[in-house]
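The values are calculated or read from the model by the stated rules, or taken from the named source; none is laboratory data. It should be emphasised that the depicted structure is a prediction, and the values quoted were computed from it without experimental measurement. All Cβ positions, even for glycine, are placed from backbone atoms using ideal geometry, and neighbour counts span all protein chains on display. Ligands, DNA and RNA are excluded from the accessible area calculation, which covers all protein heavy atoms including side chains. Shrake-Rupley method; radii C 1.70, N 1.55, O 1.52, S 1.80 Å.
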Amino acid sequence: MTPVVLAVDIGATKIAVGLVHADGAIAFQSRERSPVRAEPSLALIERLGRAAEAHARKNGLTIEGTGIACGGPLDLEKGLVLSPPNLPDWDRIPLTKQMETSFGAKAYLQNDAAAGAIATALWDNPDAVRDVTYITVSSGIGCGVITDGFLYTGHTGNGSELGHIPLIYDGRACNCGLTGCFEAYVSGTSIGKRYTEAKATCMATPRSYSARDVAEAALAGDEEALAFWHSSMGMLARAVRAAADLFDPALLVLGGGVTEADGELFAPAMALVGSSMAAGVGQRLTVRKTGFGRNSGVASAASVAWNEIGSATGVKVRIRE
């Protein structure tokens with residue numbers, strides 16, 4: 001029997017469940033649009049998990065544990081999801097206990113961006129650097145930080161919330177209850193909302209746009225969409241610059257749905273990131289997109305479990321001692 005872990009990636013727009021080997025290779029993956037609210041989402045996870053179990057039995061795989069990646073805030077010690085801004089009614093959901101009851105194996109929970117940093121350190125780190133910052137740009141903006149081989153968690157386990165650092169004082173309302181946050185401007189959801197608002201003033205019949213719609217229009221040559229996209233990427237570059245200045249990593253990796261935009265669109269964003277860096281930081285920092293592509297969520301979730309069980313690399317990200 002070949003060991004794998006069950007990986008559960010919970011997002012505001014999609015839920016993905018997979019089976020992942022100790023070296024990060026994905027043996028099976030299934031994803032569906034997220035119902036967002038807790039009860040139907042848990043039912044969806046159960047259904048996708050059963051499909052993964054069936055695949056494991058059929059292919060001689062044994063599930064050694066379950067890794068879960070979810071937006072925060074979280075209570076990591078108790079395995080609880082504590083009302084994330086982008087997940088309505090996920091209030092004190094005992095997620096690790098529910099996963100252990102459903103699937104039997106020991107379950108491990110981590111913030112999705114922190115999980116992204118762990119996956120990067122374990123499996124997407126050819127130079128074996130010990131200072132890694134991972135930024136996810138999807139429905140929200142998250143940040144995971146590893147410094148000298150330790151995951152930075154903060155006092156409550158919810159540190160490095162880059163998405164809720166103010167970009168514009170007293171600016172747009174954010175789901176977290178504050179105003180002007182990076183997440184209110186350059187998350188995928190916010191890019192779509194801002195573009196919808198901008199277009200509504202000149203459309204007889206307004207429609208809603210997603211970040212994907214903006215990217216596709218920009219790629220098709222729509223000058224208004226292209227200008228809007230570049231402006232949004234300039235804001236994202238500020239967020240990346242803030243993370244680089246705060247944490248001084250050797251490697252800064254970007255993942256999430258927005259970063260999956262066509263290379264022709266995202267290349268200028270990366271150039272903006274590079275040009276915005278302070279000389280001392282920029283000369284010693286590698287900035288790139290994740291090597292996992294659209295599989296980053298499942299890989300991240302799996303790394304949470306394999307980091308505890310023991311990955312094929314022999315590398316371990318230390319959480320707390």
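Give me the 1.4 Å probe accessible area per residue for the stretch 176-260, excluding ligands and nucleic acids, in Å². Intermediate values should be presented prior to the final figure.
Working: 3700 Å² over 85 residues.
Counting only protein heavy atoms, the per-residue value for the stretch 176-260 is 43 Å².
Order of 14-22, 163-171 by packing, highest average Cβ count within 10 Å first?
14-22, 163-171
Just the number, please: carbon plus sulfur as a percent of the accessible area of the chain, 1.4 Å probe, no ligands or DNA/RNA counted. Don't jump to the answer; show the numbers that get you there.
Working: 7120 of 13980 Å².
For the chain, the apolar C and S fraction of the accessible surface comes to 51 percent.
Using the Cα atoms as the points, what is the convex hull volume per residue of the chain in Å³? Before the final figure, lay out the partial values.
Numbers: hull volume 44.4 nm³, N = 321.
So the per-residue hull volume is 138 Å³.
I want to verify the translational diffusion coefficient of the stretch 39-164 in µm²/s; compute it with Stokes-Einstein, Rh as the Kirkwood radius over Cα pairs, at 25 °C and 0.890 mPa s. Mind dumping the intermediate values first?
Values: Rh = 15.7 Å.
The estimated diffusion coefficient comes to 156 µm²/s.
Name the residue farthest towards the positive end of the dipole of the chain from the options 157, 49, 116, assuming +1 on Cβ of Lys and Arg, -1 on Cβ of Asp and Glu, about the Cα centre.
With unit charges placed on the Cβ atoms, the residue in question is 49.
Determine which lysines satisfy two conditions relative to residue 58: a Cα distance under 27 Å, and not lying fewer than 8 residues away in the same chain.
14, 97, 106
Quick one: which residues, 5 or more positions from residue 82 or on another chain, have an amide H under 5 Å from its amide H? H modelled 1.01 Å from N in the peptide plane, none for Pro or chain starts.
Counting only residues 5 or more places away or on other chains, the set is 74, 75, 92.
Would you rank 103, 266 by solvent-accessible area, highest first, keeping every protein chain in place and using a 1.4 Å probe? Kindly include the intermediate steps, with their values, before the conclusion.
Values: 103 30, 266 5 Å².
Descending order: 103, 266.
Residues with beta-carbon under 12 Å from that of residue 105, excluding residue 105: net charge, scoring Lys, Arg +1 and Asp, Glu -1? Don't jump to the answer; show the numbers that get you there.
Details: positive: 106; negative: 53, 64, 100, 308.
For residues surrounding residue 105, the net value is -3.
Can you give the relative contact order of the chain as a percent, counting alpha carbon pairs under 8 Å and 6+ residues apart?
For the chain, the relative contact order is 21 percent.
Which residues' amide hydrogens lie under 5 Å from the amide hydrogen of residue 27, considering only partners 5 or more residues apart or on another chain, with H built in the peptide plane?
19, 20, 21
Can you give me the P(r) profile for the stretch 146-223? Cα pairs, bins 10 angstrom wide beginning at 0, each as a whole percent.
Histogram of Cα-Cα distances, whole percents per bin: 17, 33, 29, 15, 6, 1.
Taking residue 193 as the anchor, which aspartates and glutamates have their alpha carbon closer than 20 Å to its alpha carbon, excluding any fewer than eight residues away along the same chain?
170, 183, 213, 216, 222, 223, 224, 260
Averaged per residue, what accessible surface does the stretch 8-102 expose to a 1.4 Å probe, in Å²?
Accessible area per residue: 44 Å².
Please state the Cα pair-distance histogram of the stretch 1-75 with 10 angstrom bins from zero: what percent is in each bin?
The distribution over the stretch 1-75 is 20, 51, 25, 4, given as percents.
Magnitude of the Cβ-charge dipole of the chain, K/R +1 and D/E -1, about the Cα centre, nearest 20 debye?
Details: 28 positive and 33 negative charges, 85 e Å.
I would put it at about 400 debye.
Multiply the residue separation of residue 158 and residue 246 by 0.36 nm, subtract the distance between their alpha-carbon atoms, and state the gained length in nm to one decimal.
Net length gain for the segment: 30.1 nm.
What angle do you read, to the nearest 10 degrees and between 0 and 90, between the alpha-carbon axis of helix 38-58 and the longest principal axis of the chain?
50
List the residues, sorted by chain then number, that are 5 or more residues from residue 11 or on another chain and whose placed amide H is less than 5 Å from its amide H.
16
Just from the alpha-carbon atoms, what are the Rg and Dmax of the stretch 110-199 in angstroms?
Answer for the stretch 110-199, Rg first and Dmax second: 14.9, 46 Å.
Pairing the Cα long axis of helix 188-200 with the longest principal axis of the chain, what angle in degrees results, from 0 to 90 and rounded to the nearest 10?
So the inclination is approximately 30 degrees.
How big is the stretch 168-273 by the Kirkwood estimate over distinct Cα pairs, in Å? Intermediate results must be reported in sequence, preceding the final value.
Values: mean 1/r = 0.0686 Å⁻¹.
It is 14.6 Å.
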